[in-house]
Amino acid sequence: MIPNINRRIVLAQRPQGRPTPADFRLEEVACPQHPGPGELLLETLWLSLDPYMRGRMSEGPSYAEPVALGETMCGGTVCRVLASRADGFEVGDRVLAMTGWQTHAVAPANAVRRLDPDDPHPSWALGVLGMPGLTAYVGLLDIGQPQAGETLVVAAATGPVGATVGQIARLKGCRVVGIAGGLEKCALAVDELGFDVCLDHHQDDLYAQLKAATPDGIDVYFENVGGHVLEAVIPRLNTHARVPVCGVVAWYNLTAPPPGPNQLAALMRSVLVNRVTLQGFIIGEHLHRQREFHTDMRAWLAEGRIHYREDVVVGLAAAPGAFMGLLRGDNLGKLVVKVAD
Ligand code: NDP
């Protein structure tokens, strides 16, 4: 049945520093009833919450346009087709879409991907089998180029990107050192994900811990966070170390340069002296790797060689609070919102 009301969360104002509830507004608007030619009317089942959304809330130059004030917050979704005017799509089909923080939307059929109707875990298309999983796969294998016997360090170690990076690196024969916020996350990284060690970055002595955990230095540092973790990593980088720069979530809420001392000179000296490869990447430019990624990841999951955990919140209205928590590190696993059954 097609409802009359679409509930959506819009960007009410641009955050100054950390987002607050006042930056979001829940609205009820008329639900579109009839898709146009080549379009689908979709009902959101699952909404993905991801750190990149913080960047879309701000103005300023970036690799993607910001969300406009008053517009629906952007985001990946798993949806059910309620009405179709596109060849090859039937009512009831499940699709992967980018319809954002709302219960219903019309989308062009060529902007969605049909999902296997028998897949027992449709929400995984937003995580380990979707954008975060592909990010880990491409960033690690194509840029990080891990070799057996090398040491890899990754922070945000229990999130969807970090957890996948660490587990693939273990499959490739690396020693894997995770960094995470708190003892519960560190225990999960070792006991459930199979990391060799995981360090709590909330402890004062992170550098000393990292030095002890990386006696042979660091060959691959998969950069997810920046901040004080990066500062601890710089002195441990080996000759010809590789640093895929995936994200710097510790700095996403900055309104001024971080407090000193400034580590830029130490970083650039290490890059030069150690001939470090430091390479940023945006996953949208690597979609040609999807097919191989899906084949490998489905096999690893089926064989129990990759473990995946979701942190599920229920109801669209919970999205702002959960997103604010994501930027604080409250999530344990991939954060998704269950919008409808
Ligand atoms: P997560 O679910 O892991 O969430 C972010 C995590 O970052 C938090 O849970 C927290 O974990 C950690 N964190 C937050 N603040 C700090 C801090 N000050 N210092 C250290 N850690 C912090 O996110 P994802 O796995 O989805 O994403 C990981 C990174 O990858 C992000 O930077 C994201 O922007 C980036 N990314 C980049 C893509 C690209 O195309 N380049 C695509 C997808 C993601 P903890 O409590 O363990 O510290």
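Loop-only GluC sites (Glu not before Pro) in region 1-57, please: DSSP not H, G, I, E or B, and at most 13 other Cβ atoms within 10 Å.
Working: sites: Glu27, Glu28, Glu39, Glu43; in loops: none.
Passing sites in region 1-57 do not exist.
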Rounded to one decimal in Å, the inverse mean reciprocal Cα-Cα distance for the chain, i.e. its Kirkwood radius, is 21.0 Å
In debye to the nearest 20, the charge dipole size for region 274-341, taken about the Cα centre with +1 at each Lys and Arg Cβ and -1 at each Asp and Glu Cβ, equals 180 debye
Among Thr214, Gly182, Ala157, the residue whose Cα sits farthest towards the positive end of the charge dipole of region 131-283 (+1 at Cβ of Lys and Arg, -1 at Cβ of Asp and Glu, taken about the Cα centre) is Thr214
Rounded to the nearest 0.05, FRET efficiency between Asp191 and Asp87 (Cβ-Cβ, R0 56 Å) equals 0.70
Amide H contacts under 5 Å for Cys198, restricted to residues at least 5 apart in sequence or on another chain and with H modeled in the peptide plane, are Gly178
Rounded to the nearest 0.05, FRET efficiency between Val271 and Asp330 (Cβ-Cβ, R0 41 Å) equals 0.75
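Taking all pairs of different Cα atoms in region 214-286, averaging 1/r and flipping that mean, what Kirkwood radius in angstroms comes out? Could the numbers behind the result be given before it?
Numbers: mean 1/r = 0.0767 Å⁻¹.
Mean inverse Cα-Cα distance, inverted, gives 13.0 Å.
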Quick numbers on region 121-203, Rg and Dmax over C-alpha atoms in Å, give 12.2, 37
Share of Cα-Cα pairs in region 131-283 beyond 18 Å, whole percent, is 53 percent
Relative contact order as a percentage, region 228-341, C-alpha pairs under 8 Å and 6+ apart, gives 24 percent
The chain: antiparallel bridges as % of DSSP beta bridges, rounded to 5, reads 55 percent
PRE zone check, label point 7 Å out along Cα-to-Cβ of Val29, amide N under 15 Å, scope region 318-332, hits none
Glu59 and Ala317 label points (each 7 Å along its Cα→Cβ direction) are spaced in nm at 3.3 nm
Given the candidates Ala265, Cys246, Ala148, the one whose Cα lies deepest towards the positive end of the charge dipole of region 131-283, counting +1 at each Lys or Arg C-beta and -1 at each Asp or Glu C-beta, is Ala265
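Values quoted throughout were computed directly from the atomic coordinates according to the rules given, and no laboratory measurement underlies them. The structure displayed is predicted, hence computed values, not measured ones. Heads up, the Cβs are rebuilt from the backbone with ideal geometry, glycines too, and the neighbour counts pull from every protein chain shown.
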